[in-house]
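Chemist: I'd like to ask some things about the structure below.
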Amino acid sequence: MSLSLLARRQAGGHPMRTLLTVGAATVAIFLFCFLRSIVTSLDAAVEASASNRIITGSAVSLFQSLPSAYMGQIEAIEGVESVSRFTWFGGRYQSEENFFAQFGCDPETLMQQYPELLLPDAQKRAWVRDRRGAIIGQGLADQYGWKIGDTIPLIGTIYPRVDGSDWEFTVCGIYRSAKPNLDEVTMYFHWEYMDRVLEEGGSYGPRGTSVFVVKLADGFTGEEVSTAIDAYYSGGPQRTRTQTEAAFQAGFVSMLGNLPTFLGMLGTAVLIAILFGVVNTMTIAARERVRSMGILKSLGFPNRIPVRLYLMESTGIVLLGGGLGMLLANLTQDPLRAAFGTYIPVYHVTQDTYVMAALICIAIGFAAGAWPAWRASRLRAAESIRRGV
Amino acid sequence: MRRLIPWSYPMRSLFRRWQAALFSALGIAMTVAVLCGVFALRDGFAVFMAETGSDDVVVYLRPGATSEGESGITLRKVQRYVNTRPEIAKDENGAPLAAGESYLALFLDKADGVGRVNVPIRGVEDASFAIHGKDFWMVDGRRFTPGANEIIVGQPISTRIKNCKKGDTLIVNTTPFEVVGVFEHTGAYRSEIWGDVERIAGALERPVRQRVVARMKPGTDVEQLREDLKTDKELPSKVQTEREYFLSQTNVLGGVLTVLGVLLTSILGIAAVLGATNTMLAAVGARMHEIGILRSVGYGGPAILIAFLVEAVLVGLVGGILGALIVLPLDGLETGTMNWNTFTETTFAFRVDPPLLGVAVGVAVLLGLVGGILPAWRASRMKPVDAIRRG
């Protein structure tokens, strides 16, 4: 009889106990994958960022707009292929609670600068033609049930309309994203339309542009062009900070402050809890099996046999539970992404997370099996047969 | 015979198998520690924000704005508020206790060099100090001189943010400001930088103010005021008391933390219950002989059931106490977390209070109890003869 079969039989000898421990491991490894994926998903946008785009925003504040006249000046700087404007709108749908990101932008330049934005040609043309048109991500369309042709009314917060009415945008297209740096829960509409309304006095709020996205000409690095842009505005009126897209995205993650650390602490606590659980099971199992271990020994099996048996059993239990936990983490990706909405638009469990989870399972399995294994190896055969009732 | 098994029985059983009991208690302890950790953060934040605001201070924003950052009030309108609103109280010299303040969250580097955070800078008027009264005090240095390029910073800002110690120079857009003092406030203003509104607005090239804040005359009907000003021709406003305003700035982070805490606890709780069930099943298994004897001397099934449930509850209780001990050191620990409503970093302390500890112990006992149901039920269903023979 092979050793692994014996280990399996031992685990199977108390099906209820083994099942409960497997269940606990499943839950814990799922939680670990979940918590780690929140952190990695936040970073995913950073890693997938394009290297041929840089972003110019205010150096002073996230909430400070830049004068729109900057656009022409930036276009004239060497190494700049195209510039497009993005203005954060901050509107709410129906009530203050329904919040998602909306930007006023330059549709044609946007689509040329962002090849990862996938939109059928007919929808592209329709959007460019319709001044009040907007495109929305597939995620938004799913969440609110919007279709092409629908009108989306938005309540202005930064830009409330003077007459108190809602802003209205027509859905011209529903885009998908080819890369995690572009989420599918944003709405883009015509910057020009918004600026026109502001100019005519139809809405309160600051005119200007939140950020300029600059596409680099071939042969220029982000660094040199960024330096040139920032140097141009170093004396004001509004200082700029130009960053690579990756650094810009990373800035948002760093604003979350200690949240990733906090989640890391929670993850550790979860793993410690599961370690206790498995140690518990193995200790109970070992106590009940003193006698059978004594028999094994008296049959002449060397010390390493009970050691291996316990390690195999506990690692097996944790790996089985962990495997189920990983499967669960994998299957819940879509619902969780929908639940996170705007906050973590690209929730995704990475391969690294699975590998780490598997390694942790093995480590916990060994740690939990080690104590009873050590005890078993120290037992004397005669004594253990006598003691184990 | 309807007798209960003496209380000492489950207690002693627990001690006899203390290792297994301790491990499952520790599992429960970690669960409630996670719950308490998350809720201590949430409560610390919410209580901090709620205690911050005064009910006698009114905040006027532009209609539609959900926070100061989104609001904008022209100087002409600020003057109108200050000079014409009848609900605004006056000081002993007859000057209105009202101020138009500018507000912007600045990108500033952290003192420890890791990353940048959004720190609110507030341009205030003389009246602002009078409005906030004794909730605000200087801990070091002096107030800024009106009209000078000087700022004062909240206590946590002076240690957490670069160039914010007393005597440092902080560049706002292109204008250097000298840090001349450090202040403390009982609430949210302690995470801010304050300066003369004219100088701050000038440096930021933002002529528009973000809010008007004022002390109200005693007995002002806020609800009525809110309704009146919502559709006012001259001064359409969103009216909130200061307390209401701060509370409205907590819902996103508070919501996120509540969901996170409940989610983690339910999932971890399942694991803890499974662990407790394991321990109790083993306890029942090892004591079959005893159970048989108890049954044959006349204790009924319900008595056995209760004895084992009590044992499980004791495991939960120990876990709850251990969990509470794990989180207790968090109480009062200062942390900076981004307020998801304003994107700014707010510094406050974790709050572990008796009600939270009560919840922790309660949840722990519940987890132990749930974990004990199946084993206790099994034990109570054993036939005396079988149990004695098999044990």
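Chemist: In the stretch B:57-217, what % of DSSP beta bridges are antiparallel (nearest 5)?
Modeler: The antiparallel proportion sits near 80 percent.
Chemist: For chain A, modelled as a Gaussian network with Cα springs under 10 Å, which listed residue fluctuates most, A:G300, A:G323, A:G251?
Modeler: A:G300
Chemist: Using helices alone, I'd like the mean residue ellipticity at 222 nm for chain A: each DSSP H run of four-plus residues gives -39500 (n - 2.57), total over residue count, nearest 500.
Modeler: When only DSSP H runs of four or more count, the value is -18000 deg cm²/dmol.
Chemist: Take every DSSP beta bridge with both residues inside chain A and express the antiparallel ones as a percent of the total, to the nearest 5.
Modeler: 75 percent
Chemist: Rounded if a/c is under 1.5, else prolate if a/b is larger than b/c, else oblate: which is the stretch A:60-238, with a ≥ b ≥ c the root eigenvalues of its Cα gyration tensor?
Modeler: oblate
Chemist: Here's another thing I want to ask about it. Answer with one residue from B:A360, B:Q249, B:L106: the one whose Cα lies farthest towards the positive end of the charge dipole of chain B, charges on Cβ with Lys, Arg +1 and Asp, Glu -1.
Modeler: B:A360
Chemist: Order A:D218, B:D196 by their accessible area, 1.4 angstrom probe, all chains in place, largest first.
Modeler: A:D218, B:D196
Chemist: Rounded to a whole number, what is D in µm²/s for the stretch B:57-217 from Stokes-Einstein with the Kirkwood radius over alpha-carbon pairs (4 °C, 1.567 mPa s)?
Modeler: In µm²/s, the coefficient is 81.
Chemist: Put +1 on the Cβ of every Lys and Arg and -1 on every Asp and Glu Cβ in the protein assembly as shown; which of B:T277, A:V39, B:L263 then has its Cα farthest towards the positive end of the dipole?
Modeler: B:T277
Chemist: Identify the GluC sites (Glu not before Pro) of the stretch A:6-110 meeting these criteria: DSSP loop state and at most 13 other C-beta atoms within 10 Å of the C-beta.
Modeler: Listed in order of number, the matching sites are A:E78, A:E96, A:E97.
Chemist: Another question, if that's okay. Only protein chains counted, 1.4 angstrom probe. Which residues of the stretch A:7-28 are at least 50 Å² less accessible in the assembly than when their chain is isolated?
Modeler: So the qualifying set is A:M16, A:L20, A:V27.
Chemist: Report the Cα centroid-to-centroid distance between the stretch A:48-127 and the stretch A:314-389 in angstrom, as an integer.
Modeler: 45 Å
Chemist: Roughly how big is the B-A contact, given as buried accessible area in Å² (both sides, 1.4 Å probe, nearest 100)?
Modeler: That pair hides around 4900 Å² of surface in total.
Chemist: Take B:T84, B:T52 and sort them by solvent-accessible surface of the protein heavy atoms, 1.4 Å probe, largest at the top.
Modeler: The ranking, largest first, comes out as B:T84, B:T52.
Chemist: Going down the table (A:K147/A:K179; B:K90/B:K238; B:K110/B:K165; B:K77/B:K134; B:K77/B:K217), which pairs top 18 Å between alpha carbons?
Modeler: Checking Cα-Cα distances, A:K147/A:K179; B:K90/B:K238; B:K77/B:K134; B:K77/B:K217 exceed 18 Å.
Chemist: Hey, what angle do you get for helix B:251-286 against the long axis of chain B, alpha-carbon based, 0 to 90 degrees rounded to 10?
Modeler: Once rounded, one gets 10 degrees.
Chemist: Output the DSSP H helices from chain A with an along-axis C-alpha extent of no less than 27 Å and a mean Kyte-Doolittle hydropathy no less than 0.0.
Modeler: Flagged H segments are A:15-47, A:259-288, A:304-331, A:351-378.
Chemist: Mind grabbing the accessible area of B:R143 for me, 1.4 Å probe, Å², rounded to tens?
Modeler: Spelled out: B:R143, probe radius 1.4 Å, area about 110 Å².
Chemist: Angle check, please: helix B:354-380 long axis (alpha carbons) against the longest principal axis of chain B (alpha carbons), in degrees 0 to 90, nearest 10.
Modeler: Roughly 20 degrees, rounded to the nearest 10.
Chemist: What dipole magnitude, in Debye to the nearest 20, does the stretch A:60-238 give about its Cα centre under +1 on Lys/Arg Cβ and -1 on Asp/Glu Cβ?
Modeler: My answer is approximately 380 debye.
Chemist: Just flag the GluC sites (Glu not before Pro) in the stretch B:45-116 sitting in loop per DSSP whose Cβ has no more than 13 other Cβ atoms within 10 Å.
Modeler: B:E92
Chemist: Of B:G187, A:Y93, B:L26, which is farthest on the positive side of the dipole of the protein assembly as shown, counting Cα position, with +1 on Lys and Arg Cβ, -1 on Asp and Glu Cβ, and the Cα centre as origin?
Modeler: B:L26
Chemist: Additional query: With a Cα-only, solvent-free Debye model of the stretch A:1-140, what are the log10 I(q)/I(0) values at q = 0.13 Å⁻¹?
Modeler: Scattering profile of the stretch A:1-140, log10 relative to I(0): -0.82.
Chemist: Let me ask something else. Which value, in debye to the nearest 20, describes the size of the charge dipole of the stretch A:230-389 about its Cα centre when Lys and Arg Cβ atoms bear +1, Asp and Glu Cβ atoms bear -1, and nothing else is charged?
Modeler: 1140 debye
Chemist: Taking the Cα centre of each part, how many Å lie between the stretch B:242-310 and the stretch B:31-91?
Modeler: So the separation of the two Cα centres works out to 40 Å.
Chemist: Run the helix sum for chain B: -39,500 (n - 2.57) per DSSP H stretch of 4+ residues, divided by residue count, reported at 222 nm to the nearest 500 deg cm²/dmol.
Modeler: One gets -16500 deg cm²/dmol as the mean residue ellipticity at 222 nm.
Chemist: On a 0 to 90 degree scale, rounded to 10, what angle separates helix B:18-52 from the longest Cα axis of chain B?
Modeler: Computed tilt is about 20 degrees.
Chemist: Which value, in nm² and rounded to one decimal, describes the direction-averaged projected area of the C-alpha convex hull of chain A?
Modeler: Taking a quarter of the hull surface, the average projection is 25.3 nm².
Chemist: A further question on this structure: Just for the Cα atoms in the protein assembly as shown, what are the lengths along the principal axes, largest first, rounded to whole Å?
Modeler: Principal extents (largest minus smallest coordinate, Cα): 93, 68, 51 Å.
Chemist: Treating only the Cβ of Lys, Arg, Asp and Glu as charged (+1, +1, -1, -1), what charge dipole size does the stretch B:8-64 show about its Cα centre? Round to the nearest 20 debye.
Modeler: 620 debye
Chemist: May I pose another question? Over the stretch B:57-217, give the accessible area per residue in Å² for a 1.4 Å probe, as an integer.
Modeler: Per-residue value: 37 Å².
Chemist: Another question about this same structure. Using DSSP to call loops (not H, G, I, E or B), can you name the GluC sites (Glu not before Pro) in the stretch B:234-287 whose Cβ has at most 14 other Cβ atoms within 10 angstrom?
Modeler: Here the sparse-neighbourhood loop sites are B:E234.
The values are calculated or read from the model by the stated rules, or taken from the named source; none is laboratory data. Not measured: the values here are computed from a predicted model. Methodologically, a virtual Cβ is constructed for each residue, glycine included, from the backbone with ideal geometry; neighbour enumeration extends over all protein chains shown. Calculation scope for accessible area: heavy atoms of the full protein, side chains included, ligands and nucleic acids excluded. Shrake-Rupley method; radii C 1.70, N 1.55, O 1.52, S 1.80 Å.
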